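Everything on this sheet refers to the single structure shown next.
Any read-out appearing in this document is the output of simple, stated calculations on the displayed coordinates, not a laboratory observation. All values derive from a computational prediction rather than experimental measurement. For neighbour counting, all protein chains shown are included, and Cβ atoms are generated from backbone atoms with ideal geometry for every residue, glycine included.
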Amino acid sequence: MEWGMKNRMSQLIQPNGRCFFLPIDHGYFQGPTTCLERPGKTIEPLLPYCDALFVTRGVLRAAVKPENAKPIILRVSGGASIVGQDLAHEALTTSIEEIIRLNAAAVGVSIFVGSDYEHESLMNLADMVNLCEDVGIPVMAVTAVGRELEKQEVRYLSLSCRIAAELGARVVKTYWCKDFDRVVDCCPVPVVMAGGPKCETELEVFEFVHDGLRRGAIGVNLGRNVWQNPYPVAMVRALRAVIHEDETPKGAWKLYNSLKKTRK
Ligand code: 5RP
């Protein structure tokens, strides 16, 4: 691996081999998402506890201070909305010059395997890999399911992750599912878990994150379960303990409850 690629990968993946990405890219297809109406305000207290921020160029420029930003994973696919015909109908949105200008540590591209736009989304990934490998920037593939949440199961996710890795993604982000080790085991690049819909309880979040890590994921890219929580700082700190300190789900839940009382 060349120096630039290695340097960027190590900005994302910490010396213990783990990572905690904080995504705030949701507006690129769903507009002003609850608790992300003012993204700069939302992330301010959370940034110290995450390893990288997943964000579009628009929100990056408007709401993230360049002076003390975390490594940036730039969301570079888009072009669909929740009120449009098909969420899978994406294209590449950001040029390689812009990616370099914004000093991205990585970029993220969604793929929609099995959708009407499977080919287009896979070629978006392959095209971005071709551009980014030339300049040493890792591409993270996002295995998206659109509205078809039933696709969050092991056979579908293994298929999507493996295809993403075969096309050259350096990291793959996918949903946690039962038997998650089967997804990780047949994916030759590191796998990061996405948050998915908001869980009912904090303990559920700690449990799925802990299970996924035990089964081989290197970390999370988790948004709504953090910043839509009434105590987001307590949540981000408790999750960090699970990811970086191997805290148990119950231990993280205790930590969350104690931090919640101090509103820290
Ligand atoms: C949206 C994304 C998000 O980054 C991803 O879904 C994680 O966010 P959340 O934890 O809120 O699900 O890629 O397309």
Q) Once the piece of chain linking residue 214 and residue 82 is laid out straight, how much longer is it, given 0.36 nm per residue of separation minus the C-alpha distance between them? A) 44.1 nm
Q) Once the Cα atoms of region 187-246 are picked out, what are the Rg and Dmax in Å? A) 11.1, 37
Q: Quick one: work out Rg over Rh on the C-alpha atoms of region 101-229, Rh as Kirkwood radius.
A: 0.97
Q: Express the C-alpha Rg of region 64-124 as a ratio against the empirical globular expectation 2.2 N^0.38 Å, rounded to two decimals.
A: 1.30
Q: For an R0 of 41 angstrom, estimate the FRET efficiency from the Cβ-Cβ distance between residue 118 and residue 257 and round to the nearest 0.05.
A: 0.40
Q | Along the chain, longest interval not containing exposed GluC sites (Glu not before Pro), exposed being DSSP loop plus at most 16 other Cβ atoms within 10 Å | A | 38-147
Q: Can you pull the one-decimal nm distance between simple spin-label points at residue 103 and residue 14, each 7 Å off the Cα toward Cβ?
A: 2.2
Q. How big is region 160-209 by Rg and Dmax over its Cα atoms, in Å?
A. 12.1, 37
Q: Can you spot the lysines whose alpha carbon is less than 24 Å from residue 6's alpha carbon? Ignore those fewer than 8 places along the same chain.
A: 70, 173
(Q) Of the candidates 215, 155, 101, which one comes out as most mobile in a Gaussian network treatment of the chain with C-alpha springs shorter than 10 Å? (A) 101
Q. Put +1 on the Cβ of each Lys and Arg and -1 on the Cβ of each Asp and Glu in region 133-264; which of 227, 152, 180 then has its Cα farthest toward the positive end of the dipole?
A. 227
Q. Just from its helices, what would the mean residue ellipticity at 222 nm be for the chain, if runs of 4 or more DSSP H residues each count -39500 (n - 2.57) and the sum is divided by every residue, rounded to the nearest 500 deg cm²/dmol?
A. -12500 deg cm²/dmol
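Using only the alpha carbons of region 5-161, what is the convex hull's orientation-averaged projected area in square nanometres? Let's see the in-between values first.
Numbers: hull surface 38.9 nm².
Over every viewing direction, the Cα hull of region 5-161 projects on average to 9.7 nm².
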Q | Cα coordinate range in region 27-88, projected on the principal axes (Å, largest first) | A | 38, 22, 19
Q. Taking square-rooted eigenvalues a ≥ b ≥ c of the alpha carbon gyration tensor, is region 106-175 rounded, prolate or oblate, where a/c under 1.5 means rounded and, failing that, a/b exceeding b/c means prolate?
A. prolate
Q: With no solvent and one equal point scatterer per Cα, compute the Debye intensity ratio I(q)/I(0) for region 224-263 at 0.14, 0.30 Å⁻¹ and report its log10, rounded to two decimals.
A: -0.24, -0.99
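How big is the Kirkwood radius of the chain, worked out from every pair of different alpha carbons and given in Å to one decimal? Don't jump to the answer; show the numbers that get you there.
On the way: mean 1/r = 0.0546 Å⁻¹.
For the chain, the Kirkwood estimate is 18.3 Å.
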Q) Based on Cβ point charges of +1 for Lys and Arg and -1 for Asp and Glu, what charge dipole magnitude is obtained for the chain about its Cα centre, in debye rounded to the nearest 20? A) 1200
